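A.B. asks: If you scroll down you'll find the structure; I have some questions about it.
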């Protein structure tokens with residue numbers, strides 16, 4: 001717990017130190033780290049490999065964004081609507097997708113995500129399709145707090161990140177979290193011990209989808225943009241990369257992986273147009289020499305107690 005609180009305290013202190021460019025980047029990283037933490041609940045702790053996590057992100061984003069655009073609902077209630085949509089949507093997807101296992105589950109989540117992407121494009125008059133839409137700066141306020149302001153945006157991102165980080169930490173230390181890890185390690189043995197495997201998997205999908213939806217709603221609200229690009233396949237692959245880099249099955253790993261990948265792409269793009277090639281080479285090297293990810297390697301070598 002102390003390590004995780006120290007990370008939150010460090011991020012709080014960085015608000016007063018970082019220059020504007022990195023200040024804005026870190027706010028974006030924290031929101032995307034919530035997205036990665038959501039993926040880690042399903043993949044890192046439960047062993048459910050999804051290739052369609054962008055659909056949960058977009059459920060929250062479009063639930064929030066469309067309620068503001070079409071019905072002029074204020075930012076606070078709109079965020080709650082986005083969160084509610086992601087809860088219902090993840091429950092429905094879980095009920096359907098968990099009828100499959102293994103590779104079939106992976107393919108089904110990919111197909112569902114593509115269906116959502118095509119639906120966004122089909123209803124172009126409402127969703128604005130590929131073009132997307134911008135949430136006006138004047139509408140991005142909660143209780144009189146302007147979330148378009150860089151300082152307020154940073155603290156809003158930090159609050160969301162802190163809540164999700166501590167929630168995941170509490171989950172993995174609770175009996176339910178231990179069951180999820182048991183399912184990941186040996187599903188048949190967990191079933192023999194009398195645990196309801198399907199119910200625990202469904203719970204993991206709902207929690208993961210809800211957190212991803214919260215990240216999506218927060219991203220749209222804090223950065224003022226909603227678009228179909230967030231529903232495309234590459235955006236579903238990103239949290240997998242973040243988790244693999246940072247360390248699947250570690251609480252801090254998704255944040256470390258998100259931070260590492262974000263700045264790897266940012267710095268390499270300043271040097272070459274082939275920045276994705278640079279990122280790919282680094283990913284391959286990390287996969288070869290740090291198979292458990294950065295935090296997984298640290299846990300294996302030095303911090304055995306790291307959750």
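The values are calculated or read from the model by the stated rules, or taken from the named source; none is laboratory data. The shown structure was predicted, so the numbers you read here are calculated from the model rather than taken from an experiment. Methodologically, a virtual Cβ is constructed for each residue, glycine included, from the backbone with ideal geometry; neighbour enumeration extends over all protein chains shown.
A.B. asks: Can you find a residue that is touching a helix residue (DSSP H, G or I) at 6+ places or on another chain (Cβ under 6 Å), modelled with pLDDT of 95 or more, closer than 30 Å to residue 187 by Cβ and crowded, with 24+ Cβ neighbours inside 10 Å anywhere in the range 65-84?
C.D. replies: No, every residue in the range 65-84 fails to be touching a helix residue (DSSP H, G or I) at 6+ places or on another chain (Cβ under 6 Å), modelled with pLDDT of 95 or more, closer than 30 Å to residue 187 by Cβ and crowded, with 24+ Cβ neighbours inside 10 Å.
A.B. asks: Check off (1) within 23 Å of residue 200 (Cβ to Cβ); (2) within 22 Å of the chain's Cα centre (by Cα); (3) outside any helix (DSSP H, G or I) for residue 86 and give me the number that stays unchecked.
C.D. replies: Here residue 86 meets the rest and fails (3).
A.B. asks: Tell me which residues, restricted to the range 1-14, are at pLDDT 95 or above and in contact with a helix residue (DSSP H, G or I) (Cβ under 8 Å, 6 or more places away or on another chain).
C.D. replies: 7, 8, 11, 12, 14
A.B. asks: So residue 148 passes all but one of these: (1) at pLDDT 95 or above; (2) in contact with a strand residue (DSSP E or B) (Cβ under 9 Å, 6 or more places away or on another chain); (3) crowded, with 17+ Cβ neighbours inside 10 Å. Which condition number does it fail?
C.D. replies: For residue 148, the exception is condition (1).
A.B. asks: Do the conditions hold for residue 111, that is, is it assigned to a helix (DSSP H, G or I) and out of contact with any helix residue (DSSP H, G or I) (no Cβ under 8 Å at 6 or more places or on another chain)? Steps first, answer last, please.
C.D. replies: On the way: assigned to a helix (DSSP H, G or I): yes; out of contact with any helix residue (DSSP H, G or I) (no Cβ under 8 Å at 6 or more places or on another chain): yes.
Yes: the conditions hold for residue 111.
A.B. asks: Let me ask another. So which of 251, 278, 243 ends up being more than 13 Å from the chain's Cα centre (by Cα) and surrounded by 15 or more Cβ atoms within 10 Å (Cβ to Cβ)? Steps first, answer last, please.
C.D. replies: On the way: 251 fails: more than 13 Å from the chain's Cα centre (by Cα); 243 fails: more than 13 Å from the chain's Cα centre (by Cα).
278 is the lone residue from the list that is more than 13 Å from the chain's Cα centre (by Cα) and surrounded by 15 or more Cβ atoms within 10 Å (Cβ to Cβ).
A.B. asks: Identify all residues within the range 169-189 that are without any contact (Cβ under 8 Å) to a residue 24 or more places away in the chain and surrounded by 20 or more Cβ atoms within 10 Å (Cβ to Cβ); write none if there are none.
C.D. replies: 179
A.B. asks: Another question, if that's okay. Looking at residue 100 and the list (1) closer than 21 Å to residue 221 by Cα; (2) not in a helix (DSSP H, G or I), which single condition is not satisfied?
C.D. replies: (1)
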